[in-house]
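S.K.: Let me give you the structure first, and then I'll get to my questions.
The values are calculated or read from the model by the stated rules, or taken from the named source; none is laboratory data. All figures in this text were calculated on a predicted structure; none of them were measured in a lab. Heads up, the Cβs are rebuilt from the backbone with ideal geometry, glycines too, and the neighbour counts pull from every protein chain shown. Accessible surface is based on the protein model in full, side chains and every heavy atom, while ligands, DNA and RNA are left aside. Shrake-Rupley method; radii C 1.70, N 1.55, O 1.52, S 1.80 Å.
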There are 2 protein chains.
Amino acid sequence: MTLDAIPLEETHEETPKLGRKRDHTRDPDILDAALDVLAETGYDGMTMEMVAARAKAGKATLYRRWPSKGELVIDAVACMKRGDFDRDHLPDTGTLRGDLVAMIKPHAIEDGARKMRIMAGLMSMISRNPELAEVARAAIVEPRASANRILLQRAIDRGEISAHSDIDNLALLSQSMAIYRVLVLQKPVNRDFFIQLIDGVVLPAVGLGRPLPPVDGSNSAPDT
Amino acid sequence: MTLDAIPLEETHEETPKLGRKRDHTRDPDILDAALDVLAETGYDGMTMEMVAARAKAGKATLYRRWPSKGELVIDAVACMKRGDFDRDHLPDTGTLRGDLVAMIKPHAIEDGARKMRIMAGLMSMISRNPELAEVARAAIVEPRASANRILLQRAIDRGEISAHSDIDNLALLSQSMAIYRVLVLQKPVNRDFFIQLIDGVVLPAVGLGRPLPPVDGSNSAPDT
DNA sequence: TCTATGCGAAACTGAGTAGTTCCGGATCTT
DNA sequence: AAGATCCGGAACTACTCAGTTTCGCATAGA
């Protein structure tokens, strides 16, 4: 390989005239495989061979489509299926608590757990790759956060909670604490955890919840 | 390696007979260098040569003292100087808000930011190395969390807040949201952020500072 | 059927790094 | 000063992995 010139092909190639056309049918499988490996081993632990093996593809196929490992990961995160809740499919039960609880579906929890593992795998990269950071934010954290913001805003609009509630922080609360719990504390994030968060923190913070002053007699919790 | 806490005084063999005795004088420098590199590049990006260079030591010196990169990191995190607040040096201002605000010192913020960067660098490792996870929890997370728990419990004891407050989650709230903010959102975690968290979420959740109409930033004084 | 084309598999290259070894010099003890 | 020991630096080994190339096969259009 001493010479690098002499490109012998090169008429222009925009004509899929014969043979199978370039269809990129396998892309979704490869991207999904990349996300799986990412969740399991983290960015640095992930190798192109792992991704290829899991997608039952060849390494060459990966490089035909993406110029580098970094690009593949960015694409995988960016194309991640935005799960759960679009603006139009949010629960609307009439009460804030009803809406928040309705967001806790088994599928949503499971999906969220995978996203958190992916996020963990991206962590060290995110802090030094702005593009990846932006993509991860848009794909993983923003959908849920904005859903919560909408739910809270509705509660304000219908007069259920104070108009001065700290919506921005409250919308991020459950996600923040869930990530912290699963990544740092390594405890399970399940339905009970979210319910506890709603009833023990979010609703009280917004003027709805439990922690009533002990002077109240009606709520006779059998003391501590 | 023994993950038993605090190997301060070592019981290593008593043979300081001749020449310079094995003093391990450089250990703190090396461990601190390791933490710096960890915070900057993450576990996988960190190389033994970086650590050696920053500590102005030789790679051989590192391997004389620690058998592997993994052990060095675990030791570095375990020996991390527990900063800020011991049980005996907690603020005690008489009000929950006063105590919480008193926890926000410039030094504490700066120290916390470094710890978060270290935590980010450990993330992907933590999820598959239980020993590291335990050490990181004990060194980075637990001190602050237990300080918050104590402050909240005091407020309960003096009748300032409801005895049914969700202390466990509230104690983790500011940390969770700070980590999320700095690692995921990549926004600055400063004094204003913590104040907003206290006045906008924690105190309301506990029945104190209701969200006040005027948005004047000086204070949202809890009651009175 | 024939032929162009994309694909999976595997071999290969090159770079970077964990971990080792060796040596000259610095430092402490006697 | 002499002797023992540790240290920093540099060279070295062994291995892993990103990225490339090659090749035979499968498929789709003609």
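S.K.: How about region A:111-182: which trypsin sites (Lys or Arg not before Pro) there lie in a loop by DSSP and see at most 16 other Cβ atoms within 10 Å?
M.R.: Passing sites in region A:111-182 are A:Arg128, A:Arg158.
S.K.: Which entries of B:Lys81/B:Lys105; A:Lys105/B:Lys187; A:Lys81/A:Lys105; B:Lys115/B:Lys187; A:Lys56/A:Lys115; A:Lys81/A:Lys115 have Cα-Cα distances beyond 20 Å here?
M.R.: Working: B:Lys81/B:Lys105 17 Å; A:Lys105/B:Lys187 30 Å; A:Lys81/A:Lys105 17 Å; B:Lys115/B:Lys187 16 Å; A:Lys56/A:Lys115 23 Å; A:Lys81/A:Lys115 11 Å.
Long pairs (Cα-Cα over 20 Å): A:Lys105/B:Lys187; A:Lys56/A:Lys115.
S.K.: For the interface of chains A and B, what total accessible area is buried with a 1.4 Å probe, rounded to the nearest 100 Å²?
M.R.: For A against B, buried area totals roughly 3600 Å².
S.K.: At what distance in angstrom do the alpha carbon centres of region B:21-96 and region B:137-152 lie from each other?
M.R.: If you average the Cα positions of each part, the centres end up 20 Å apart.
S.K.: Further question: Using a label position 7 Å from Cα in the Cα→Cβ direction, what is the ascending list of nm distances from B:Lys187 to the same site in the other copies?
M.R.: 2.7
S.K.: If you don't mind, another one. When the Karplus curve 6.51 cos²θ - 1.76 cosθ + 1.60 is applied with θ = phi - 60°, which whole-Hz ³J(HN,Hα) does each residue of region A:63-75 get, with x for Gly and Pro?
M.R.: Result, ordered by residue: 6, 5, 9, 10, x, 7, 4, x, 5, 4, 5, 4, 5 Hz.
S.K.: What per residue convex hull volume, in Å³, do the alpha-carbon atoms of region B:27-78 yield?
M.R.: So the per-residue hull volume is 61 Å³.
S.K.: Now a separate question. Assign unit charges at the C-beta atoms only (+1 for Lys and Arg, -1 for Asp and Glu), then state the dipole size of region A:104-219 relative to its Cα centre in Debye, rounded to the nearest 20.
M.R.: 380 debye
S.K.: Further question on the same structure: What residues does region B:181-209 have that are buried by at least 20 Å² of accessible area in the full protein assembly compared to the chain on its own, 1.4 angstrom probe?
M.R.: Buried by 20 Å² or more upon assembly, which counts only protein chains, are B:Leu183, B:Val184, B:Leu185, B:Gln186, B:Gln196, B:Gly200, B:Val201, B:Pro204, B:Ala205.
S.K.: Once the label point is set 7 Å along the Cα-to-beta-carbon vector, what list of distances in nm do you get between B:Asp92 and its counterparts in the other copies?
M.R.: Output for B:Asp92: 5.4 nm, nearest copy listed first.
S.K.: Compare the peptides A:168-175, B:56-63 by average per-residue count of other Cβ atoms within 10 angstrom and give them in order, highest first.
M.R.: Descending packing order for the listed peptides: A:168-175, B:56-63.
S.K.: Considering the zone a paramagnetic label at A:Glu142 would reach in this model (a point 7 Å from Cα along the Cα-to-Cβ line), which residues of region A:103-132 have amide N under 15 Å from it?
M.R.: Within reach of a label on A:Glu142, which here means backbone N under 15 Å from a point 7 Å along Cα→Cβ, region A:103-132 contributes A:130-132.
S.K.: Between the label point of B:Pro67 and that of the same position in each other copy, find the distances and list them shortest first in nm, with every label point placed 7 Å from Cα along the Cα-to-C-beta direction.
M.R.: 4.5
S.K.: Between B:Asp111 and B:His89, what FRET efficiency follows from the Cβ-Cβ distance if R0 is 22 Å, with the result rounded to 0.05?
M.R.: According to the calculation, E is roughly 0.95.
S.K.: Report the local net charge at B:Thr93: Lys and Arg +1, Asp and Glu -1, summed over other residues whose C-beta lies under 12 Å from its C-beta.
M.R.: Result for the local shell: 0.
S.K.: At a Förster distance of 30 Å, what's the computed FRET efficiency of A:Arg191 paired with A:Thr41, Cβ-Cβ distance as r, to 0.05?
M.R.: Efficiency computed from Cβ-Cβ geometry: 0.60.
S.K.: If you scale each eigenvalue of the Cα gyration tensor by 5 and take the root, what three semi-axes come out for region A:87-205, rounded to whole angstrom and sorted largest first?
M.R.: 26, 16, 13
S.K.: Less than 10 Å Cβ to Cβ from A:Gly121, Lys/Arg counted +1 and Asp/Glu -1: what total charge do the surrounding residues give? Let's see the in-between values first.
M.R.: Numbers: positive: A:Arg117; negative: A:Glu40, A:Asp44.
Net charge in that neighbourhood comes out at -1.
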